[in-house]
């Protein structure tokens, strides 16, 4: 059992670190062997066969593996190794960017670069982008090296986060206005604040658009999602943004709670959930906050700007004291986002 667990952990590590769509492995115990094919949906395993009594089975697998394409072997063909020139571009760009963000010594800067750059391991990722309007596709190319965020489980989504050269992201309202697209999966890891030369306030970028979706004329996602009413809307993204700001503010801004109180509130507000008619919904803490601001309004934030933002955006989403089914903000009334994203 321990060897099987080690086998699983090796496969999980490959998917976390390498650019692969699937993976083939072999386990051998004495003269018995099994063949495995792994992907994000699970694993297919052969029956055990004896290498002495049935060597042809293993030989046929190896021959077949040698004949298939790179895609058939599980490689992600949208990724290739970067050239020496591309690695130099990546190294210079990341050094320049981190120096402007961190304002540290050269020694500390070298240590920070290690989190994003692995020498001789710069790759080029091709991303095909669907253009709005006529169905056309254009390709963009990104230089990446070491992931800063990667999946720890073998099954499910395989999203990795990179510091990339030649990347571009858009805030929520730009995505909605210019591409009729909503995010659908907004969380703390998707908001990046970038320091730019000459600007006192950092520019915000919203990343992690792999779960995003186009919207219809009612401002609803084309595909059903995880929200209780079936289709995600821009206003659901707004509610998620409130929780992101509230979560970060409670961790990093001065307020009136001690550590024990803060831990209890985070557990009760963010972790609690309930299942209604088979649908997983937010817990009672979020409902109480919608009706009376019992959570965001009682933390005691010392920042007047934070208090104003939470109150204004929460009132836009759901005015305090109004039942959720009685209020749904107009999709076109999005000026409140200027409090967050500016013009």
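Only the coordinates and a few stated rules stand behind these numbers; no lab work does. Just so you know, these numbers come straight off a predicted model, no measurement behind them. We place every Cβ from the backbone using ideal geometry, glycine too, and count neighbours over all the protein chains shown.
Taking all Cα pairs closer than 8 Å and separated by 6 or more residues, the relative contact order of segment 180-223 comes to 43 percent. The label point for residue 37 and the one for residue 247, both projected 7 Å from the Cα toward the Cβ, are 3.7 nm apart. Just how far, in whole angstrom, is segment 216-277 from segment 289-312 if you go by their alpha carbon centroids? Between the Cα centres of segment 289-312 and segment 216-277 lies a distance of 14 Å. Cβ-Cβ distance of residue 70 and residue 10, R₀ of 25 Å, FRET efficiency by 1/(1 + (r/R0)^6): the value works out to about 0.75. Annotation: for a label point projected 7 angstrom from Cα along Cα→Cβ of residue 153, no residues of segment 262-286 have a backbone N closer than 12 Å. Seen from every direction in turn and averaged, the convex hull around the alpha carbons of segment 54-106 projects onto 7.0 nm². Going from the fewest other Cβ atoms within 10 Å to the most, the residues 70, 13 appear in the order 70, 13.
With a Förster radius of 56 Å applied to the beta-carbon distance between residue 57 and residue 303, the computed FRET efficiency rounds to 0.25. Compute the separation of the alpha-carbon centres of segment 92-129 and segment 1-56 and state it in Å as a whole number. For segment 92-129 versus segment 1-56, the Cα centre distance is 35 Å. Taking other C-beta atoms within 10 angstrom as a stand-in for reagent exposure, 81, 238, 259 fall in the order 259, 81, 238, fewest first. With each label modelled as a point 7 angstrom along the Cα→C-beta vector, the residue 17-residue 260 pair spans 4.3 nm. Taking a point 7 Å out from the Cα of residue 204 in the direction of its Cβ, the residues of segment 250-282 whose backbone N falls within less than 19 Å of it are 250-254. Could you list 65, 90 in order of exposure, starting from the residue whose Cβ has the fewest other Cβ atoms within 10 Å? In increasing order of surrounding Cβ atoms, one gets 65, 90. Note: relative contact order over segment 2-74, using C-alpha pairs below 8 Å and six or more positions apart, is 25 percent.
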